[in-house]
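Since the structure comes first, as structure tokens, the remarks are kept for the end.
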Amino acid sequence: MDHIEQKRYKMKFKELKAELIDKHCECNDLYEDLVITEAEYQGKKVKLNDPIRTSENPKKKFKVYVKNDQGKVVVVRFGDPNLSIKRDDPDRRRSFRARHNCDNPGPKTKPRYWSCFQWRAGAKVDN
């Protein structure tokens with residue numbers, strides 16, 4: 001096998017590995033019920049279930065507005081502002097999702113749910 005064939009083989013292997021990891025540890029049906037709607041929070045209109053970057057709290061990177069069990073709109077803050085999300089690396093994504101038990105992320109009112117949401121394969125971080 002020459003050098004070019006080895007490169008092609010490695011690239012195909014990486015693609016297959018990423019695809020298998022996505023199939024194994026991604027439960028996209030967990031997030032299908034997320035519909036972005038508008039609501040009112042402390043007198044201002046906000047989008048529900050839409051993570052955005054936060055600037056008012058220096059200890060967290062993102063925030064999301066969600067409705068709790070009582071129907072009240074609450075803010076869930078999550079993410080370390082000093083770390084970057086490296087979800088495009090299949091090994092790191094698999095490790096993160098295993099470490100945080102993302103196959104069972106819990107309720108939408110908890111930060112773990114939204115961290116797992118951000119660590120889906122192919123997810124985009126807006127704003």
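The values are calculated or read from the model by the stated rules, or taken from the named source; none is laboratory data. A quick note: this is a predicted structure, and the numbers were derived from the prediction, not measured. Using ideal geometry, Cβ is built from the backbone for each residue, glycine included, and neighbour counts are taken over all protein chains shown. SASA here: full protein model, heavy atoms, side chains in, ligands and nucleic acids out. Shrake-Rupley method; radii C 1.70, N 1.55, O 1.52, S 1.80 Å.
Using a simple spin-label model with pseudo-atoms 7 Å out from Cα toward Cβ, Arg92 and Ala39 lie 3.2 nm apart. For a test of the definition: using alpha carbon positions, the gyration tensor, and the 1.5 limit on a/c, classify the range 58-103 as rounded, prolate or oblate. Taking the square roots of the gyration eigenvalues as a ≥ b ≥ c, the range 58-103 is oblate.
Taken per residue, the accessible surface of the range 53-125 reaches 59 Å², heavy atoms only and a 1.4 Å probe.
Less than 5 angstrom separates the built amide H of Arg87 from none of the residues sequence-distant by 5 or more or on a different chain. Here the range 48-127 has 45 percent of its accessible surface on carbon and sulfur atoms, given a 1.4 Å probe and all protein chains in place.
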